[in-house]
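The values are calculated or read from the model by the stated rules, or taken from the named source; none is laboratory data. These figures come from a predicted structure and were not determined experimentally. Ideal geometry is used to build each Cβ from the backbone, glycine not excepted, and the neighbour counts take in all protein chains shown.
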Amino acid sequence: MIELVIEGMTCASCTEHVKQALEKVPGVQEVRISYPAGRAEIEVGTGVAVEALVAAVTTLGYQASFVDAPTKVTNFHDKTLGSPATGNKHGSADRQLHIAVIGSGGAAMAAALKAVEQDARVTLIERSTLGGTCVNIGCVPSKIMIRAAHIAHLRKESPFDGGMSASLPIIQREWLLAQQQARVDELRYAKYESILEDNPAITVLQGAARFKDSQSLTVRLNEGGERTVRFNRCLIATGASPAVPPIPGLKDTPYWTSTEALVSDTIPPRLAVIGSSVVAVELAQAFARLGSKVTMLARSTLFFREDPVIGEALTAAFRTEGIEVLEHTQASQVAHIDDEFVLTTPHGELHADKLLIATGRAPNTRELALDVASVTTNAQNMIVVDNGMRTSHPLIYAAGDCTNQPQFVYVAAAAGTRAAINMTGGKAELDLTTMPVVVFTDPQVATVGLSEQEAHFKGIETDSRTLTLDNVPRALANFDTRGFIKLVVEEGSRRLIGVQAVAPEAGELIQTAALSIRARMTAEELADQLFPYLTMVEGLKLAAQTFSKDIKYLSCCAG
């Protein structure tokens with residue numbers, strides 16, 4: 001019998017792959033493997049080539065050594081890896097687990113840093129700008145623009161105009177853009193570039209990666225040439241890009257996606273927006289507040305996948321501001337004539353100076369040659385992962401917007417961290433049952449847990465209460481009572497299972513709701529908590545109290 005120490009196995013699937021590989025070696029009679037112990041017992045006949053046993057394991061990307069031989073880990077970390085470290089306090093480079101990370105956004109960076117903490121070394125491959133979507137062309141620039149638009153709106157119009165003079169602001173978009181991009185550059189350097197520069201365990205390759213096989217990548221370098229990167233584990237974190245619908249004539253026009261809209265140095269007099277979800281509503285309102293006449297085309301209604309009261313409340317708020325929302329409307333044709341967009345709709349032609357397409361995001365997976373690595377995708381080309389970020393191949397993981405998980409950067413970062421733990425022999429899963437979501441409109445939209453419809457689909461009987469903001473003291477003091485807070489509880493247990501809110505600063509209250517759901521609190525327990533008076537989050541307590549009493553007959557700060 002020959003006994004091997006095998007490093008890197010993390011699950012029963014790993015065990016099966018190693019067992020099958022060893023059984024194919026000529027002369028092997030029986031294989032017994034324990035991945036928790038990291039050992040394989042192999043019954044062999046005469047004449048077996050023992051080196052072939054180690055080779056069978058290392059070809060899969062694991063590390064192996066004979067129990068009775070001097071400690072020597074065999075692997076394939078060689079010259080094709082790029083620029084590996086020559087050694088560190090944890091041992092030589094050729095004894096370390098090597099992880100290839102494709103991408104450099106939230107999921108990729110979280111995974112790379114956690115993997116290094118776990119004593120692995122990382123080759124990070126980025127085809128474009130370091131930092132991915134969020135810091136460069138997503139969350140950060142959009143929230144800066146939204147905040148600037150909010151300030152412009154308040155200078156022009158507020159509930160206190162009777163006591164202070166309002167004034168129409170002069171918008172210098174090019175100055176706002178310079179301020180926006182300076183902060184983007186600052187954060188990209190502080191949170192991505194400088195961290196990578198200072199971490200010797202991470203090698204950065206600038207280029208486009210695709211799978212050569214299930215243990216190696218071919219990287220077409222931006223500076224020219226190719227390099228092969230072999231790995232023990234690989235994380236795919238390539239993100240997503242704006243999806244463009246197949247509207248006749250659209251591809252021949254200079255339409256915007258969010259990428260172009262966020263770096264425009266002008267505010268168009270007329271802006272048409274096709275889309276009805278997060279990016280569409282956030283940018284539509286921002287441009288409207290900065291001076292555009294905005295028309296939105298929604299195939300159904302705003303936020304049609306959410307509780308209908310959310311879309312109704314936001315649509316009402318938009319229309320009050322002068323944003324035209326055309327529900328159940330699609331463009332059947334798009335043309336660009338004499339510097340003007342012409343959209344053909346069931347209501348006639350719509351003319352605009354710019355057209356923003358905001359109909360979702362598609363995963364960046366088509367150029368990866370995933371079939372070569374036996375990595376499964378769904379009908380939308382999203383990589384299918386389990387709660388541990390494992391793909392259909394035991395050595396390959398995925399995280400972030402390129403997967404079938406929700407497309408939020410904080411989900412991506414959490415997924416990347418857990419993927420790194422699992423790739424380095426640990427065990428971690430991502431629980432999305434209390435995932436909060438915030439849409440940065442005004443009023444904001446914030447949700448967590450289940451809506452009534454989602455609960456009923458799961459067979460859960462519910463009870464719910466909706467509290468309008470004219471019952472919340474903070475909203476009354478602000479003279480801004482737009483919106484509501486809705487609580488959904490499980491009938492019988494009375495546990496809180498979902499919260500939906502449309503309110504100014506709704507994003508600041510939703511985490512309290514998430515923690516309440518996580519703690520399995522009942523509506524009565526939530527109603528009995530101490531909340532500071534004249535805060536928006538106090539609305540959660542008031543909404544919980546409505547399950548047992550009429551709050552109109554309570555004093556303003558009743559406990």
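Observations on the model:
- In segment 479-554, counting only helices (runs of 4 or more DSSP H) that sit wholly within it, the ones holding 3 or more residues that are buried (at least 17 other Cβ atoms within 10 Å of the Cβ) and small (Gly, Ala, Ser) span 510-518, 538-545.
- Top-ranked residue of segment 15-54 - restricted to ones that are at pLDDT below 80 and not in a loop (DSSP other than H, G, I, E, B), ranked as surrounded by the most Cβ atoms within 10 Å (Cβ to Cβ): 50
- Scanning segment 325-379 for residues that are touching a residue at least 24 places away in the same chain (Cβ under 8 Å), under 29 Å from residue 230 (Cα atoms) and not aliphatic (A, V, I, L, M) yields 363, 364, 365, 367, 374, 378.
- Here the condition is being of a type in the set (Asp, Glu), at pLDDT 95 or above and more than 26 Å from residue 121 (Cβ to Cβ); of 431, 386, it holds for 431 alone.
- Flag if residue 145 is hydrophobic (A, V, I, L, M, F, W, C), out of contact with any Asp or Glu (no Cβ under 6 Å at 6 or more places or on another chain) and within 17 Å of residue 439 (Cβ to Cβ): yes
- Of residues in segment 239-264 being of a type in the set (Ser, Thr, Tyr) and part of a helix (DSSP H, G or I), the one farthest from residue 132 (Cα to Cα): 258
Residues checked against (1) more than 16 Å from the chain's Cα centre (by Cα); (2) within 25 Å of residue 315 (Cβ to Cβ); (3) crowded, with 21+ Cβ neighbours inside 10 Å:
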position	(1), (2), (3)
420	yes, no, yes
428	yes, no, no
432	no, no, no
436	no, yes, no
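- Of all residues making up segment 265-298, the number that are out of contact with any helix residue (DSSP H, G or I) (no Cβ under 6 Å at 6 or more places or on another chain), assigned to a loop (DSSP other than H, G, I, E, B) and buried (at least 16 other Cβ atoms within 10 Å of the Cβ): 7
- Residue match in segment 87-99 (condition: in contact with a helix residue (DSSP H, G or I) (Cβ under 7 Å, 6 or more places away or on another chain) and either modelled with pLDDT under 50 or assigned by TED's automatic domain parsing to the domain that holds residue 25 (or both)): yes
- Residue match in segment 219-226 (condition: in contact with a helix residue (DSSP H, G or I) (Cβ under 9 Å, 6 or more places away or on another chain) and closer than 20 Å to residue 130 by Cβ): no
- Tallying residues that are among the hydrophobic types (A, V, I, L, M, F, W, C), in contact with a strand residue (DSSP E or B) (Cβ under 6 Å, 6 or more places away or on another chain) and free of Cβ contacts under 8 Å to residues at least 40 places away in the same chain within segment 292-317 yields 2.
- Residue in segment 1-59 that is farthest from residue 395 (Cα to Cα), counting only those that are among the basic types (Lys, Arg) and free of Cβ contacts under 8 Å to residues at least 24 places away in the same chain: 32
- When 386, 401 are screened for being surrounded by fewer than 16 Cβ atoms within 10 Å (Cβ to Cβ) and assigned to a loop (DSSP other than H, G, I, E, B), only 386 passes.
- Selection status of residue 425, part of a loop (DSSP other than H, G, I, E, B) and not assigned by TED's automatic domain parsing to the domain that holds residue 57: yes
- Of all residues in segment 177-209, exactly one satisfies the criterion of being of a type in the set (Ser, Thr, Tyr), in a helix (DSSP H, G or I) and surrounded by 16 or more Cβ atoms within 10 Å (Cβ to Cβ), namely 192.
- Every condition in (1) in contact with a strand residue (DSSP E or B) (Cβ under 6 Å, 6 or more places away or on another chain); (2) among the charged types (D, E, K, R); (3) crowded, with 17+ Cβ neighbours inside 10 Å holds for residue 324 except the one numbered (3).
- Qualifying residue in segment 227-234 (condition: assigned to a loop (DSSP other than H, G, I, E, B), outside the structural domain of residue 62 (by TED's automatic domain parsing) and either surrounded by 15 or more Cβ atoms within 10 Å (Cβ to Cβ) or hydrophobic (A, V, I, L, M, F, W, C) (or both)): yes
- Single residue of segment 302-342 satisfying the filter (assigned to a strand (DSSP E or B) and touching a His at 6+ places or on another chain (Cβ under 8 Å)) that is nearest to residue 468 (Cα to Cα): 326
- Of the residues 481, 417, 441, the single one that is at pLDDT 95 or above and farther than 30 Å from residue 154 by Cα is 417.
- Considering residues of segment 125-171 that are in a helix (DSSP H, G or I) and of a type in the set (Gly, Ala, Ser) only, the residue nearest to residue 238 (Cα to Cα): 132
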